[in-house]
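Beneath this line is the structure, given in structure tokens, with notes to follow.
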Amino acid sequence: MPNINLRKADASDTKFLWELRCQPEVFQYFRTPEPVEWESHIKWIDPVLEGKTNKELFIIQAEEERVGQVRFDYEENEAEVSISIIKEFWGKGIGSLALELAIKQAQKNEKITTLLAEIHKNNLASQRLFKKFSFELKEQKDQWLNYTLQV
């Protein structure tokens, strides 16, 4: 099992995050299941990295190598958490370690009482991952399953 850590994303991660976002195996379960143009990515990510949005990005590192990202979208006392991992690193336990670290990260924020996860109904691996950490299915809206965890 590789040594996994989360670190706050910075400008040096911009290209990595774009390449991750544009992997078909990664974006197939996104709300917008298609690659994004570089210019659109920059327009979205710069304010996030500058702390000008309600989002926070972390890089998942395995033995110092970037292998994915964790994103929090904050709203009042809730944070939606999403995880993306490079396909080559699937099935190695990285998602479990990353989600465990993400939950601990969220618990450091005294305002956050609930973590949310919106998962595509066909994304069985993510459903298993979040259930493993006691996220409970609250509702289904079309193809989206909404899970929650009290932290």
Residue within segment 1-16 that is loosely packed, with under 12 Cβ neighbours inside 10 Å and touching a residue at least 60 places away in the same chain (Cβ under 8 Å) present: yes
When residues of segment 69-96 are limited to those that are outside any strand (DSSP E or B), touching a helix residue (DSSP H, G or I) at 6+ places or on another chain (Cβ under 9 Å) and of a type outside the set (F, W, Y), the one surrounded by the most Cβ atoms within 10 Å (Cβ to Cβ): G95
Test: residue in segment 97-117 that is modelled with pLDDT of 95 or more, in contact with a strand residue (DSSP E or B) (Cβ under 6 Å, 6 or more places away or on another chain), within 27 Å of W18 (Cβ to Cβ) and in a loop (DSSP other than H, G, I, E, B): no
Residue under evaluation Q127, criteria (1) touching a strand residue (DSSP E or B) at 6+ places or on another chain (Cβ under 6 Å); (2) part of a helix (DSSP H, G or I); (3) in contact (Cβ under 8 Å) with a residue 24 or more places away in the chain; (4) buried (at least 18 other Cβ atoms within 10 Å of the Cβ), criterion not met: (3)
Filter result (surrounded by 15 or more Cβ atoms within 10 Å (Cβ to Cβ) and either outside any helix (DSSP H, G or I) or out of contact with any His (no Cβ under 8 Å at 6 or more places or on another chain) (or both)) within segment 17-34: L20, C22, Q23, V26, F27, Y29
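The values are calculated or read from the model by the stated rules, or taken from the named source; none is laboratory data. Keep in mind that what you see is a predicted model, and the values were worked out from it rather than measured. Don't worry about glycine lacking a Cβ; one is built from the backbone with ideal geometry, like all the others, and counts go over all protein chains shown.
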